[in-house]
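Values quoted throughout were computed directly from the atomic coordinates according to the rules given, and no laboratory measurement underlies them. Not measured: the values here are computed from a predicted model. Note that we place each Cβ from the backbone using ideal geometry, even for glycine, and neighbour counts take in every protein chain shown.
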């Protein structure tokens with residue numbers, strides 16, 4: 001399993017609509033996320049910045065992300081989401097979200 005973190009801009013005029021959509025993500029989109037081996041996916045917001053993190057439980061992240069990008073429901077979802085979002089300066093070419101480097105993680109004590 002590998003954890004991923006990333007950031008993206010959310011202009012204030014899109015905050016309410018973005019939050020409303022994410023309160024009821026389409027089941028087809030969630031099914032694709034699951035099919036692409038993503039677990040524990042969370043998006044946070046602070047002062048116009050979205051922070052997303054997830055755990056990847058597959059063996060080929062690039063292939064799974066390509067499969068997700070080919071999914072028709074996900075494409076429709078992104079068509080609605082992307083105009084609300086703002087790519088941050090310095091984001092690598094070909095990426096929408098700015099990837100973050102994991103600096104620390106603690107799972108806590110082993111389960112008994």
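Calculation over all alpha carbon pairs of the stretch 46-112 in 10 angstrom steps from 0 returns a P(r) of 14, 39, 33, 12, 2 percent.
In the stretch 19-44, whose amide N lies under 15 Å from the spot 7 Å out along Cα-to-Cβ of residue 2? List them in ranges. Only 37-39 pass the distance filter. With N the number of residues in the chain, Rg(Cα) / (2.2 N^0.38 Å) evaluates to 1.12.
First check a/c for the stretch 27-79, with a ≥ b ≥ c the square roots of the eigenvalues of its C-alpha gyration tensor; if it is under 1.5, answer rounded, and if not, answer prolate when a/b is larger than b/c or oblate otherwise. It comes out oblate by the Cα gyration axes.
Rounded to the nearest 0.05, what FRET efficiency do residue 62 and residue 17 give with R0 = 25 Å and r taken as the Cβ-Cβ distance? Could you check?
0.20
The modelled label-to-label distance for the pair residue 95/residue 53, using points 7 Å beyond Cα in the direction of Cβ, is 1.7 nm.
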